[in-house]
Amino acid sequence: MSNVWKGYKDFIVFDKKQEDELVTSFYLKAADGAELPKHIPGQFIAIRVPLEDGKYSKARQYTLSMDSKEDYYRVSIKREAEGNVSKLLCDTVNVGDIIQGSIPMGRFVLKDGDSPLVLIGGGIGITPMLSMAYATVGTDRKVKLIYSLANSKNHSFEDEINELVKNNDNIELTTIFTRPLEEDKLGEDFDFKGRINAEWMKENLPMDGEFYFCGPIEFMRTLYKGLEAMGVKKDAINYELFAPGEDITK
Ligand SMILES: Cc1cc2nc3c(=O)[nH]c(=O)nc-3n(C[C@H](O)[C@H](O)[C@H](O)COP(=O)(O)OP(=O)(O)OC[C@H]3O[C@@H](n4cnc5c(N)ncnc54)[C@H](O)[C@@H]3O)c2cc1C
């Protein structure tokens, strides 16, 4: 019997983890115990939350942030102060609750290849990069994982990423704090201060890389323009917008 469904299916939240001040991860299994279809790293699921009146919240897309070899789904959600669904999820959905989800979808996926892989996540845009980095575990593919965030207060997945990098020689991590706190130490908590710019990219990124990135719009625009300026071929530039409708190439 196929484990794929149309529309939405009940998921049970079996774990909930606060990743930082704003980001919460939800660990999900099918409520009927069925096996979940595997995702391709980079894909997302649509989620909606049952409401008290028997209706559902609006649906929102959330990237699967775990290793695709796991038998559960994990979504990691940044609480938007004025956001409808992210606030509802982070504030009201707890372990044991039911939410609904789609099958994994999306074309922003890790392609096979052996050129150096450059994964760049800005803030919550780290979610697809994490899943992609896990896919390289046990391979020889060289990975540069670059994580840009404000400072230690927003350092989601810090321990998880450190563990991943410690155990896998092929993955090299660069942590960038755009606004480090006084107690944040360069060389210990982060490797570079400020926003990624074209000069930094030219000095630190391989010309022959396969690039994947996701983050705030201006961050992505800078990356796209920087890669263009470096002469990176368009088909090696892959990105995902969490806010559809924007064009970062202009
Ligand atoms: C492919 C894809 C993957 C994604 N993956 C992730 C992920 O892994 N993690 C994640 O956290 N998000 C992810 N997103 C974003 C996510 O789908 C939602 O867009 C996000 O959670 C906001 O939804 P919301 O319902 O909380 O906000 P909405 O209610 O849709 O509001 C959107 C924005 O408008 C602002 N806003 C709304 N109402 C007001 C108001 N009255 N005044 C001022 N501002 C207002 C909110 O602050 C918010 O920033 C992804 C999006 C896409 C397209």
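Picking from residues in the stretch 99-144 that are among the basic types (Lys, Arg) and assigned to a loop (DSSP other than H, G, I, E, B), the one that is surrounded by the fewest Cβ atoms within 10 Å (Cβ to Cβ) is ARG107. Among the residues examined, THR174 qualifies as away from the ligand (no atom under 16 Å from the Cβ), outside the structural domain of LYS78 (by TED's automatic domain parsing), assigned to a strand (DSSP E or B) and more than 20 Å from VAL109 (Cβ to Cβ). Which of the residues belonging to the stretch 87-128 are under 25 Å from TRP200 (Cα atoms), within 16 Å of the ligand (Cβ to nearest atom) and among the hydroxyl-bearing types (Ser, Thr, Tyr)? Result: THR127, single match. Kindly provide the set of residues from the stretch 166-205 that are open to solvent by 30 Å² or more (accessible area, probe 1.4 Å), over 20 Å from the mean Cα position of the chain (by Cα) and closer than 21 Å to VAL232 by Cβ, ordered by number. PHE192, ASN197, ALA198, GLU199, LYS202, GLU203, ASN204, listed by residue number. Counted as qualifying within the stretch 29-80 are no strands (runs of 3 or more DSSP E), as none has 3 or more residues that are charged (D, E, K, R), touching a residue at least 24 places away in the same chain (Cβ under 8 Å) and open to solvent by 40 Å² or more (accessible area, probe 1.4 Å). Across the stretch 223-246, the qualifying residues are those that are crowded, with 21+ Cβ neighbours inside 10 Å and without any contact (Cβ under 8 Å) to a residue 40 or more places away in the chain, and the one among them that is farthest from the chain's Cα centre (by Cα) is VAL232. Of the residues GLU210, GLU163, the single one that is within 18 Å of TYR134 (Cα to Cα) and open to solvent by less than 60 Å² (accessible area, probe 1.4 Å) is GLU210.
Inside the stretch 236-250, residues that are more than 16 Å from the ligand (Cβ to nearest atom) and either at pLDDT 95 or above or assigned by TED's automatic domain parsing to the domain that holds ILE45 (or both) make up a count of 2. Take the residues in the stretch 82-98 that are part of a loop (DSSP other than H, G, I, E, B), surrounded by fewer than 17 Cβ atoms within 10 Å (Cβ to Cβ) and at negative phi; name whichever of them is nearest to the chain's Cα centre (by Cα). Here the residue is GLY83. Taken together, the criteria place LYS69 among residues that are among the charged types (D, E, K, R) and under 30 Å from GLY138 (Cα atoms).
Taken over the stretch 220-240, the residue count meeting the criterion of being touching a strand residue (DSSP E or B) at 6+ places or on another chain (Cβ under 7 Å), over 20 Å from ARG107 (Cα atoms) and of a type in the set (Val, Ile, Thr) is 1.
In the condition set (1) in the same structural domain as GLU172 (by TED's automatic domain parsing); (2) over 13 Å from the mean Cα position of the chain (by Cα); (3) small (Gly, Ala, Ser); (4) within 12 Å of the ligand (Cβ to nearest atom), SER131 is compliant with all but (2).
The values are calculated or read from the model by the stated rules, or taken from the named source; none is laboratory data. Here the structure is a predicted model, which is why all the values come from computation and not from measurement. All Cβ positions, glycine included, derive from the backbone under ideal geometry; neighbour counts span all protein chains shown. Note: areas computed on protein heavy atoms with side chains; ligands, DNA, RNA excluded. Shrake-Rupley method; radii C 1.70, N 1.55, O 1.52, S 1.80 Å.
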